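To keep things clear, I will list the structure first and then write my remarks on it.
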Amino acid sequence: MELGIERLASFVSHFGFGKPSGIDIKGEMGGLLPTPEWKARRFKQKWYPGETVIVGIGQGYTLVTPMQLAQATAILANNGKAMKPHLVTGIQENKTGKVHQVQPVVVDQVALNPKNIELVKQGMMDVTLPGGTAARLGADSEYLMASKTGTAQVIGIKQNEKYNESKLAERHLDHALFITYAPAENPKIAVAIIVENGKHGGSTAGPIARRVMDYYLLGKEPPTAKPAIDEAAISAPTPAEPAEEHAHDE
């Protein structure tokens, strides 16, 4: 609370929160990085000190997109250097075949304390090491990841209630979140995964991120699921019956 919401919001905005990333996709949402000015406009209410604490852990009015999570992860991996994101590395002309390479553009440089950033990075590396919240992801990995598991609450829980996922409908379960970059010592890729109603970041979203990085860094194709085969139906086929026509709506 001593930091104050103004300084907190100003600093966090350098990581891409509260505004569109600028990626070449139309209709990108900017999320929401709440401030006292925003709350006054939206609700005509003052800002309370406790709300600063809530924003500090990414809750409350805060809204972020998967793109913003990926961009913030990349900025962290780059020690504060923010690059303009793009969908492609080059654009090819149809007639001539000439390829125009998309040049990297630095859009911001966040001033970070080296000691603090190394502490954060070490904590993220510990996530996939023994004792971490996603230790199973790093158990057989050929590279070291720097990651963070998380969840996004879908419905509000009353003050004296406890979250019990077994009593909730599937659409009310927490979204599973996972951000990561790798290799931790020389980052080449940053990934953000959200699985709607996936419940747990480490066990649901994390394995998806691992497959993406395995493909990008090692060229490993993700395993393909084999179609289920009913062995009983194969060993004891039923006689064919005449086909019937059924009416249906398109």
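Summary of computed values
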{"item": "Pick from the stretch 189-227, criterion in contact with a strand residue (DSSP E or B) (Cβ under 7 Å, 6 or more places away or on another chain) and assigned to a loop (DSSP other than H, G, I, E, B), ranking: surrounded by the fewest Cβ atoms within 10 Å (Cβ to Cβ)", "result": "Glu196"}
{"item": "Criterion: more than 26 Å from Leu144 (Cα to Cα) and small (Gly, Ala, Ser) - qualifying residue of Gly97, Gly123", "result": "Gly97"}
{"item": "Of all residues in the stretch 18-42 being at positive phi and touching a Pro at 6+ places or on another chain (Cβ under 9 Å), the one that is surrounded by the fewest Cβ atoms within 10 Å (Cβ to Cβ)", "result": "Gly22"}
{"item": "Count - residues of the stretch 147-183 that are more than 20 Å from Thr65 (Cα to Cα), of a type in the set (A, V, I, L, M) and either surrounded by 14 or more Cβ atoms within 10 Å (Cβ to Cβ) or touching a residue at least 24 places away in the same chain (Cβ under 8 Å) (or both)", "result": "2"}
{"item": "Options Leu129, Leu119, Leu144: the member that is in the same structural domain as Lys188 (by TED's automatic domain parsing), out of contact with any Cys (no Cβ under 9 Å at 6 or more places or on another chain), among the hydrophobic types (A, V, I, L, M, F, W, C) and outside any loop (DSSP other than H, G, I, E, B)", "result": "Leu119"}
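Rundown of residues vs (1) assigned to a loop (DSSP other than H, G, I, E, B); (2) modelled with pLDDT of 95 or more; (3) over 22 Å from Gly206 (Cα atoms), yes/no style:
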residue	(1), (2), (3)
Gly18	yes, yes, yes
Lys26	yes, no, yes
Glu37	no, yes, yes
Arg41	no, yes, yes
Trp47	yes, yes, yes
Val55	no, no, yes
Gly58	yes, no, no
Gln71	no, yes, no
Ile75	no, yes, no
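The values are calculated or read from the model by the stated rules, or taken from the named source; none is laboratory data. This is a predicted model, so every value here is computed, not measured. Here the Cβ is made from the backbone with ideal geometry for all residues, glycine too, and neighbour counts use every protein chain on show.
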